[in-house]
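A.B. asks: Input: one structure, supplied below.
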Amino acid sequence: MPLLNNNTKHSFYELGVAPKVLEILDRLKFKVPTPIQYKAIPIAAEGKDMIGIAQTGTGKTLAFAIPMIQQLAQKSGRGLILVPTRELALQVNEVFQKFVHAFNMRTAVLIGGASLIAQIIELRKNPRIIIATPGRLIDLLDRQNIRLDDATILVLDEADRMLDM
């Protein structure tokens, strides 16, 4: 992937983004990918492992959401996104909600401080994307309310904080 020149305008059309996703991006008025999106989307869309580093507010969530949704639309399995905080889990889910309905997918947010029963009910609806904090995920695994053997995509959001935990 070439280095980005700040004077060069790129578009999501160049990145191999699915037409349904492009329509949603257009509706949301996202025309030009941020540098992290421009570099990450093509790599992640191919299913390759990657590490992305960018400042807060640069569109990292969209950089992994678009490839995850596209891949899950083409194959079976689930995506698992581990995040360090409840607040970040809810923010990530907000981004996903803008796209998943176009692909008939559900998400489930698994966080401490929220109703365990409600989360178990959400898991029974077979979500394709799970956004979780480690503590609640471990709790649900221990209780055998969730299995991860069908998780085909894993994202560690804020991996530096996750590894510190």
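A.B. asks: What single numbered condition from (1) farther than 27 Å from Leu25 by Cβ; (2) surrounded by 14 or more Cβ atoms within 10 Å (Cβ to Cβ) fails to hold for Lys60?
C.D. replies: Of everything listed in (1) farther than 27 Å from Leu25 by Cβ; (2) surrounded by 14 or more Cβ atoms within 10 Å (Cβ to Cβ), Lys60 misses just condition (1).
A.B. asks: List the helices (runs of 4 or more DSSP H) that sit entirely inside the stretch 5-101 and contain at least 1 residues that are touching a residue at least 60 places away in the same chain (Cβ under 8 Å). Step through it out loud before you land on a result.
C.D. replies: On the way: elements: 19-27, 35-45, 60-74, 86-100.
Qualifying helices (runs of 4 or more DSSP H): 19-27, 60-74, 86-100.
A.B. asks: Going by the conditions given, is Asn104 at positive phi, without any contact (Cβ under 8 Å) to a residue 12 or more places away in the chain and of a type outside the set (Lys, Arg)? Quick ask: steps written out before the conclusion?
C.D. replies: Numbers: at positive phi: yes; without any contact (Cβ under 8 Å) to a residue 12 or more places away in the chain: yes; of a type outside the set (Lys, Arg): yes.
Taking the combined requirement at face value, the residue satisfies it.
A.B. asks: Could I ask something else about it? Search the stretch 63-95 for residues being more than 21 Å from Leu141 (Cα to Cα) and touching a Leu at 6+ places or on another chain (Cβ under 9 Å), and hand back the single one that is most open to solvent (accessible area, probe 1.4 Å).
C.D. replies: Out of the qualifying residues, it is Val95.
A.B. asks: Further question on the same structure: Scan the stretch 129-150 residue by residue and report those that are surrounded by fewer than 14 Cβ atoms within 10 Å (Cβ to Cβ) and touching a residue at least 60 places away in the same chain (Cβ under 8 Å).
C.D. replies: Leu148, Asp150, listed by residue number.
The values are calculated or read from the model by the stated rules, or taken from the named source; none is laboratory data. Here the structure is a predicted model, which is why all the values come from computation and not from measurement. For neighbour counting, all protein chains shown are included, and Cβ atoms are generated from backbone atoms with ideal geometry for every residue, glycine included. We work out accessible area using only protein heavy atoms, side chains counted, and drop any ligands, DNA or RNA first. Shrake-Rupley method; radii C 1.70, N 1.55, O 1.52, S 1.80 Å.
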